[in-house]
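Q: The structure that follows is given in the form of structure tokens.
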Amino acid sequence: MPVHYRCIGYLRCPARSLLAIASKEVSIIKLQKRYAHTHHSFDELPFRDTYPLNSQLAFYARNGNFEATWALFCRMHFSCCHLDAYSFTPVLSACCALPGTKCGKLVHGLMIKTGVDAGTVTKTALMNLYSKYGCLDDSERAFEEIELKDVVAWNALISSFLRHDLAQRALDAFATMRREQVQLSEFTLCSVLKACASLKAFELGKQIHGLVVVLGRDLVILSTALIDFYSDVEHINEALNVYYSLKNIKDNVMRNSLIRGCINNRKYEEAFSIMSKMRPNVVALTSALGACSKNSDLWIGKQIHCVALRFGFTDDTQLCNVILDMYAKCGKIMNARSVFDLILEKCVVSWTSMIDGYGSQGYGLEAVELLERMEVEGKGVVPNSVTFLAVLSACGHSRQVEEAWKCFMLMEKFGIDPEEEHYACLIDGLGRASHIDEAWCVLNDMIKNGTRPTALTWTSLLNACSRNQDIARGEFAAKHLLELEPDKPANYVLLSNFYAAVGKWDSANRFRDMMRKKGLIKEAGSSQVGSNLLILTNRASI
DNA sequence: GTAGGGTTAG
């Protein structure tokens, strides 16, 4: 088969000829124009040899100048420069970072056309590209196609799983890697520590700590990963030990990690002690405030707000959003509003957080009023689907049915199609206000509009029926809910409560019994990781 | 070609 008729594997265009790529090159031209302003020395080069141009590409990519990488690559391509594997790898990493484009897929097409899509390095670059595009299957497929899988390829696979929140699969890949006696690198240990943190696998993480000591390389990065791990598994003293055992190689990234960990684990004195020995930075304060919100630590949050004021960080919109949210979550809605009013460049998150703050404190009308103000004073910032969820929820919790409908209808004006969550929110709000017939109509409308009810919809309807003693519709919702989620303990509790609310005690007890028989008892999560890996048995290969 | 720090949205 001629090369230009080969299937463009990962592009999911079977049997699509590379003429399609040629037509897609129109998109490349468009993208080239977008970045045409980017300066590079292409025209000044006396010879358009691939070698120096590839070096230039690599230089741009290494220094994070992705627009320049892309612009130079496009010019090379359209000037008919010979492109080889060294031309493609830097541009693939640049493609991952160019927002709003999927130019990497076009580049992959060109790679197939040029015949340089094989080889461990290019395949690893493709793994990374597809993983960052959210295409885990394609990333895995690229890995499987690598003939000689080296440690970098394995590391890329582990990272792909982590990027998709599949920590257990990351550890499975690590175990396979060990079985196949692939030599580990510091990259491997970093990623595996992250997986351990995510699965709360303390014992395995401790073993990895041992490997870090044995490996003894890149201690700043690996120690930061260890601090993150110990903080996340709530062994903050171990994290502090790691930190204090290091002499003069601490940096701000590591300190920020430890501050976040200390506040998460309520070790405030240590957190402030570390903060006092460095110049505070926005990242440290943001993460510390996130921990305060989570723990509802208003007093500590206030102190961090003071630090932010003292160091002049309050022009940082994102930091202010977190301060606002912290006050709202701690029930201090007036303080939240003061912070909100002082944000100079309000973004959609600022508006949404404030609306949500009002909603969660029962101020439905204030939430709606703020949405109206956003339309007038938003300076081009428009509500998104989350903003509408917040305002619908606010209306629902304060039983503002008319306002809820108004907001729901307003979504169309902003080009937002109601999603399943919006319908569920509306149904929930209508149910709270005893508008059960309207809630039922909303359910039918959403089905008519092609939105499939999910467990959340049925839960909202069931709650509405509980409040309104509507047995028939409640049983209808219950039937669908159990079909979708037969093993979720919370659903059985919900059903039992529904029957209790409508006075059908026999049925209420029946669902309690069913739950017991099915062994559906709510328990804290536990990890089964680590026991069979025996990672320390093969130290020689590190 | 692969690793370390941030948050906000039901």
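The values are calculated or read from the model by the stated rules, or taken from the named source; none is laboratory data. All figures in this text were calculated on a predicted structure; none of them were measured in a lab. Note that each Cβ is placed from the backbone with ideal geometry, even for glycine, and that neighbours are counted across all protein chains shown.
Q: Taking the conditions exactly as written (more than 30 Å from A:Leu193 (Cα to Cα) and either within 14 Å of DNA strand B (Cβ to nearest atom) or at pLDDT below 90 (or both)), does A:His164 satisfy them or not? If you could, list the steps in order and put the result at the bottom.
A: Values: more than 30 Å from A:Leu193 (Cα to Cα): no; either within 14 Å of DNA strand B (Cβ to nearest atom) or at pLDDT below 90 (or both): yes.
Criteria not met by A:His164.
Q: Which residue is nearest to the chain's Cα centre (by Cα), if the candidates are limited to region A:400-431 and must be among the charged types (D, E, K, R), part of a helix (DSSP H, G or I) and surrounded by fewer than 21 Cβ atoms within 10 Å (Cβ to Cβ)?
A: Here is the first cut: in region A:400-431, the ones among the charged types (D, E, K, R) are A:402-403, A:406, A:412-413, A:417, A:419-421, A:428.
Checking which are part of a helix (DSSP H, G or I) leaves us with A:402-403, A:406, A:412-413, A:420-421, A:428.
Next, only the ones that are surrounded by fewer than 21 Cβ atoms within 10 Å (Cβ to Cβ) stay: A:402, A:406, A:412-413, A:420-421.
Numbers: A:Glu402: 35, A:Lys406: 31, A:Glu412: 27, A:Lys413: 28, A:Glu420: 20, A:Glu421: 19 Å.
Looking at the filtered set, the residue picked out is A:Glu421.
Q: Let me spell it out: the conditions are (1) crowded, with 24+ Cβ neighbours inside 10 Å; (2) away from DNA strand B (no atom under 14 Å from the Cβ), and A:Val391 meets all of them except one. Which number is the exception?
A: Going through the list (1) crowded, with 24+ Cβ neighbours inside 10 Å; (2) away from DNA strand B (no atom under 14 Å from the Cβ), A:Val391 breaks only (2).
Q: Among what's in region A:185-203 and is farther than 20 Å from A:Trp154 by Cβ and touching a helix residue (DSSP H, G or I) at 6+ places or on another chain (Cβ under 8 Å), pick the residue that is farthest from DNA strand B (Cβ to nearest atom). Walk me through it before giving the result.
A: At the first step, the residues of region A:185-203 found to be farther than 20 Å from A:Trp154 by Cβ are A:200, A:202-203.
Checking the rest, the ones that are also touching a helix residue (DSSP H, G or I) at 6+ places or on another chain (Cβ under 8 Å) come to A:200, A:202.
Numbers: A:Lys200: 16, A:Phe202: 18 Å.
Residue satisfying both the conditions and the ranking: A:Phe202.
Q: Which numbered condition in (1) assigned to a helix (DSSP H, G or I); (2) within 14 Å of A:Asn256 (Cβ to Cβ); (3) near DNA strand B (Cβ under 10 Å from one of its atoms) is the only one that A:Met275 fails?
A: With (1) assigned to a helix (DSSP H, G or I); (2) within 14 Å of A:Asn256 (Cβ to Cβ); (3) near DNA strand B (Cβ under 10 Å from one of its atoms) applied to A:Met275, the lone miss is (3).
Q: Related question: Kindly establish whether A:Leu92 is in contact with a Leu (Cβ under 6 Å, 6 or more places away or on another chain), at pLDDT 85 or above and closer than 20 Å to A:Glu145 by Cβ.
A: yes
Q: Being in contact with a Leu (Cβ under 8 Å, 6 or more places away or on another chain), without any contact (Cβ under 8 Å) to a residue 60 or more places away in the chain and either hydroxyl-bearing (Ser, Thr, Tyr) or not in a helix (DSSP H, G or I) (or both), is that true of even one residue in region A:359-382?
A: No - not one qualifying residue is present in region A:359-382.
Conditions (1) buried (at least 17 other Cβ atoms within 10 Å of the Cβ); (2) in contact with a helix residue (DSSP H, G or I) (Cβ under 9 Å, 6 or more places away or on another chain); (3) over 26 Å from A:Ser273 (Cα atoms); (4) not hydrophobic (A, V, I, L, M, F, W, C), marked per residue:
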site	(1), (2), (3), (4)
A:Gly205	yes, yes, yes, yes
A:Val220	no, yes, no, no
A:Ser223	yes, yes, no, yes
A:Phe229	yes, yes, no, no
A:Leu240	yes, yes, no, no
A:Leu246	no, yes, no, no
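Q: Any residue in region A:483-498 that is within 12 Å of A:Ala455 (Cα to Cα) sitting within a Cβ distance under 6 Å of a residue that is in a helix (DSSP H, G or I) and among the small types (Gly, Ala, Ser)? List the pairs, counting only those 6 or more apart or interchain.
A: Hits for this filter: A:Leu484/A:Ala455; A:Glu485/A:Ala455.
Q: Going by the structure shown, is A:Tyr358 within 13 Å of DNA strand B (Cβ to nearest atom), in the same structural domain as A:Thr387 (by TED's automatic domain parsing) and surrounded by 18 or more Cβ atoms within 10 Å (Cβ to Cβ)?
A: On the way: within 13 Å of DNA strand B (Cβ to nearest atom): yes; in the same structural domain as A:Thr387 (by TED's automatic domain parsing): yes; surrounded by 18 or more Cβ atoms within 10 Å (Cβ to Cβ): yes.
In short, yes.
Q: Residues to consider are A:Cys320, A:Cys306; find the one that is within 13 Å of DNA strand B (Cβ to nearest atom) and not assigned by TED's automatic domain parsing to the domain that holds A:Gly364. Write out each step before concluding.
A: Working: A:Cys306 fails: within 13 Å of DNA strand B (Cβ to nearest atom).
Among A:Cys320, A:Cys306, only A:Cys320 is within 13 Å of DNA strand B (Cβ to nearest atom) and not assigned by TED's automatic domain parsing to the domain that holds A:Gly364.
Residue by residue, here is whether (1) within 14 Å of DNA strand B (Cβ to nearest atom); (2) more than 17 Å from A:Gly261 (Cβ to Cβ) holds:
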site: A:Leu171; (1), (2): no, yes
site: A:Gln183; (1), (2): yes, yes
site: A:Leu219; (1), (2): yes, yes
site: A:Ser223; (1), (2): yes, no
site: A:Asp228; (1), (2): yes, no
site: A:Ser231; (1), (2): yes, no
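Q: Condition test on A:Ser338, is it hydroxyl-bearing (Ser, Thr, Tyr), more than 10 Å from DNA strand B (Cβ to nearest atom) and in a helix (DSSP H, G or I)? Lay out the reasoning, then the answer.
A: Working: hydroxyl-bearing (Ser, Thr, Tyr): yes; more than 10 Å from DNA strand B (Cβ to nearest atom): yes; in a helix (DSSP H, G or I): yes.
So A:Ser338 passes the test.
Q: Being under 20 Å from A:Ala197 (Cβ atoms), in contact with a Phe, Trp or Tyr (Cβ under 7 Å, 6 or more places away or on another chain), within 14 Å of DNA strand B (Cβ to nearest atom) and not small (Gly, Ala, Ser) narrows it down to one of A:Met127, A:Met177, so name that one.
A: So the residue among A:Met127, A:Met177 that is under 20 Å from A:Ala197 (Cβ atoms), in contact with a Phe, Trp or Tyr (Cβ under 7 Å, 6 or more places away or on another chain), within 14 Å of DNA strand B (Cβ to nearest atom) and not small (Gly, Ala, Ser) is A:Met177.
Q: Separate question: Filter region A:104-116 down to the residues that are buried (at least 20 other Cβ atoms within 10 Å of the Cβ) and either without any contact (Cβ under 8 Å) to a residue 60 or more places away in the chain or within 11 Å of DNA strand B (Cβ to nearest atom) (or both) and list them by number.
A: Selection gives A:Gly104, A:Val107, A:Met111.
Q: With the requirement that a residue be surrounded by fewer than 23 Cβ atoms within 10 Å (Cβ to Cβ) and modelled with pLDDT under 90, what does region A:281-297 give you? I'd like the intermediate steps shown before the answer.
A: Applying the first criterion (surrounded by fewer than 23 Cβ atoms within 10 Å (Cβ to Cβ)) to region A:281-297 yields A:281-283, A:286-287, A:290, A:293-297.
Result: A:Ser287, A:Gly290, A:Ser293, A:Lys294, A:Asn295, A:Ser296, A:Asp297.
Q: Just one of A:Arg217, A:Arg169, A:Arg178 is farther than 20 Å from A:His235 by Cα, basic (Lys, Arg) and in contact (Cβ under 8 Å) with a residue 40 or more places away in the chain; which is it? Break it down stepwise before answering.
A: Numbers: A:Arg217 fails: in contact (Cβ under 8 Å) with a residue 40 or more places away in the chain; A:Arg169 fails: in contact (Cβ under 8 Å) with a residue 40 or more places away in the chain.
Residue meeting the stated conditions: A:Arg178.
Q: Now, a different point. Could you go through region A:93-103 and let me know if any residue there is near DNA strand B (Cβ under 8 Å from one of its atoms) and at negative phi.
A: So in region A:93-103, the residues near DNA strand B (Cβ under 8 Å from one of its atoms) come out as A:93, A:96.
Filter again for at negative phi, leaving A:93, A:96.
Yes, because at least one residue in region A:93-103 is near DNA strand B (Cβ under 8 Å from one of its atoms) and at negative phi.
Q: Sticking with this structure for a sec: Against the conditions (1) more than 23 Å from A:Lys149 (Cβ to Cβ); (2) not in a helix (DSSP H, G or I), where does A:Ser223 fall short? Just the number, please.
A: (2)
Q: Which one of these does A:Gly331 not meet: (1) more than 14 Å from DNA strand B (Cβ to nearest atom); (2) at positive phi?
A: A:Gly331 satisfies all of (1) more than 14 Å from DNA strand B (Cβ to nearest atom); (2) at positive phi except (1).
Q: Identify the residue in region A:130-161 that is in a loop (DSSP other than H, G, I, E, B) and touching a Phe, Trp or Tyr at 6+ places or on another chain (Cβ under 8 Å) and, among all such residues, is farthest from DNA strand B (Cβ to nearest atom).
A: A:Cys135
Q: Then there's this: Got at least one residue in region A:281-295 being more than 23 Å from the chain's Cα centre (by Cα) and more than 7 Å from DNA strand B (Cβ to nearest atom)?
A: No, the conditions are met nowhere in region A:281-295.
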